[in-house]
Structure formats: structure tokens, C-alpha cells
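No lab work stands behind these numbers, since they all come straight from the coordinates. Note that this is a predicted model, so its numbers are computed, not measured. Note that we place each Cβ from the backbone using ideal geometry, even for glycine, and neighbour counts take in every protein chain shown.
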Amino acid sequence: MAAAPAPEQLHEPGLLGRAATASSVFSSPPAVRVLDTTLVHPSPPTSSGDPAPPEETSLPLTFFDVFWVPAPPVQRVFFYRLLPDADIDAVLANLKDSLSHAVRAFLPLAGRLRLTPGTANRLAADEPREAARLAPLAPPLLHAGAVLAVQATPLSVRRGLALGVTVHHAACDGAASTHFLHTWVAAACAGAGTTTPPPPAVIDRTLVSDPRGLYDVFCPPAASDALFVDRMPDDQRLATFTLSRDHLQLVVGLDLDPNPNINSHVYLQRVKDAVAAAAATRGVAPRPRCSSLVAALGFVWSCYRRAKPGGAGERACLLFFVDHRSRLKPPLPDKYFGNCVAGATAMASTCELAEAGADGGLLTACTAIAEAIEDAVSGPATQTMGEKRRRFRELAATMDVLSVE
């Protein structure tokens, strides 16, 4: 399929390779014109030693998977710059061919979900922009039960390419979908010999046991017609923020070395050190385990609360997800394909989160997040998932929730 927003923004539409078809159904500007739609099948074996894909098979959902059945699909748009003399037809043909090879290695993405009873420069920029303007670049899942759609849109007279990827969350989590994208990249670059293919996916749902019967707890009612609900508020905006030296200096009050040879990991470490020093000054014991994840999430959450007004005494919640592949007993392979994440919830006072400085909101946020991670990994992942789900629903109805995926 070829999709192109209004002529003043996107001028050269091209072929879309995808595992599930789509059409121009977006009502939000810019308008999209679909030129072609192609159903991409998994590629045949490339050698006599390669196993042939099964003619028909099914893969059961685990309780980790059915938890995400009602959720909206995960949509990503990747922007690429093309050389001035790039052959756009050849680029799109290669994307289509390599997609067939990648889907062959991730066969469930070529299937369908079925429940049984029981402007280019402005769009790619960092500054805030309307999410609705990006929506035409990410294809919808239109066929009932489809779990994958891919859309390629040439931008600004062949000077760039937007690659939209939509995956139903019930099919796999972020780690697995990123593994699929890496496999696709390796297939697309196979001729250049510059990319080593990642290890193959492990597609075996029997590795996930369910002794507590969580599948029946998380599975939507059998009578439900919708496999997902897609919502995007009209006023939703997207932006990209970089934790630069200047920003860290202003927020944390650090004397950062201006040496350009120092990489971002060094500055992030200084944020961790500032949080540790603030905890010591305030007598916080034990001190929060401020990993890179804790430091980044704590910075984002504290800034979010400072920018959003909240009344005294109110509490806020940060929801994020923890990968449990290595924490199950027995652990799952690192390249297990499917879902294996569980939620973690950090809670803190909105007033304390909004305080400026490392010894204010940043320390409060990092302490709460570190405690939430410790709680999430302290025991078997399946032991409290049902109870935590019920508790989060109660929290969501009474306090402000920021979700990070």
C-alpha cells in the first residue's frame, strides 16, 4: 500500500509491505491517499535445510498475553533520510522482501488473534506536535484479529522515509517486537553484509506455566466483540526531550564538566550520585537503589508533576512494566517471543514530587520508583499479579496516573 498525506507535506507515495492490510480511514488531517496494498506472506525456505512453515497452526495465549487483549495496538513510526539519488521503488521492494523473511522467523505475527470461549521534518522533530498528524503514518489493524501491519511512506520528494509498524500487544511485548524489528533490519541489510542477524526467536508458549489460573482472571469475556479499543484524544501531543548537560545542571544543581568527550552515561551517573547525596543529607535509609532506569524515570516523573498542578495532600502514581523473563521459575529464554511483563506502581505525594532540586522531587520520585521495582521483583511474578491488577484499578479511580511503556 502507498500512503501519502496532503501534497504540501508528502509528495512521493510508495508501496506498503504488510502482514495485515489497511485502507485510508483517517479523518484527521493530513489526508491520506492509499495507492496500493500488498499482503506479504512468510518467505519460503531459502535452502533445503530450512524447515518449511506449517500450513496451518495455532499458538495458545498465556495469561501474560490475554492481559493485553483489550489494549490498543502499539504503533511506532521510524523516520529515515534517503540519499538524493535513492531509488525509492528499490527501497520499498527491499522492505517488502525483507519483511517476508522477518515474518517467517516470527510466524505468529503473520496470523490473527482469535479468542476461544474461556510534514516530514516537522513530524520527525523533537518539539511538541499533534499526535493526530503522525497517525496517518502508522497503519491500523483493520482485519479482525490481525496482529501486525507495516506501512512505508516516502517523504518530501524522496528525501526521507517513514516506516510505521503496528503490533497488537497481545501478540508480544516490547522486547519481542524490537527483536522482530532487528531481524527485519538484518534481512533488509543482508546484501550489504553490514548487519549480523540476531538469534532466532523462541516460540514456545508451553514454557509459561499458569498454576494460579491467571488466564481466566485476565481473559476478556467470550462475548466481547472488540479485540482492542483504540483511543487517541484530539488534544494529545508528542514530544522528545533530551537530558542534556545544561538540563541536568539546572534541575539537579550539578557542576557538570563541559568536556564534550564525556558521554551521556557519565552525566546520568552524576544524577545518580546527586540522588544518593541528597538521600544521605536527608537521612533517608536505606538509600534508594538509583539505577539508570530509576534515574531516568524519576527525572521524568518529577518534571511531569512540576508541570502539572495538583492539590495539597493528593497522591500520584507512576505505572511502568518490568520484564520477568529471567525471574520466572524456571526462567524463560532471553529471546522468548510473546508477553512476559508485569506492572509496577510507584506512589508519592504530588507536592513532594513537585519540589525542585535533587533533594526534593527527584529524590522522592527515585525513592518511590526503586521501592516499586523492589516490590515487583521480590517474589514470583505470578504470585500477586491478580491482586496488583485489582489494586491498580482502585488507584486509577482515585489519583493521577502516569503510564510509561
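Exposure proxy shown here: for M399, M385, the number of other Cβ atoms within 10 Å sets the order, fewest to most, as M399, M385.
Inter-label distance, T240 to E405: 2.0 nm, where each label sits 7 Å from its Cα along the C-beta direction.
Between amide H atoms placed 1.01 Å from N, distances below 5 Å from A146 occur with L113, all of them 5 or more places distant or on a separate chain. Legend: calculated FRET efficiency, R315 to S291, from the Cβ-Cβ distance at R0 = 22 Å, rounded to 0.05, equals 0.40.
Computed from the Cβ-Cβ distance with R0 of 35 Å, the FRET efficiency linking V217 to K308 stands at 0.60. Under the simplified labelling scheme, the R389-D204 pair shows an inter-label distance of 2.6 nm, with each label point 7 Å from Cα along Cα→Cβ. In a fully extended conformation the segment linking S58 and D97 would gain 11.6 nm over its present Cα-Cα distance, using 0.36 nm per residue.
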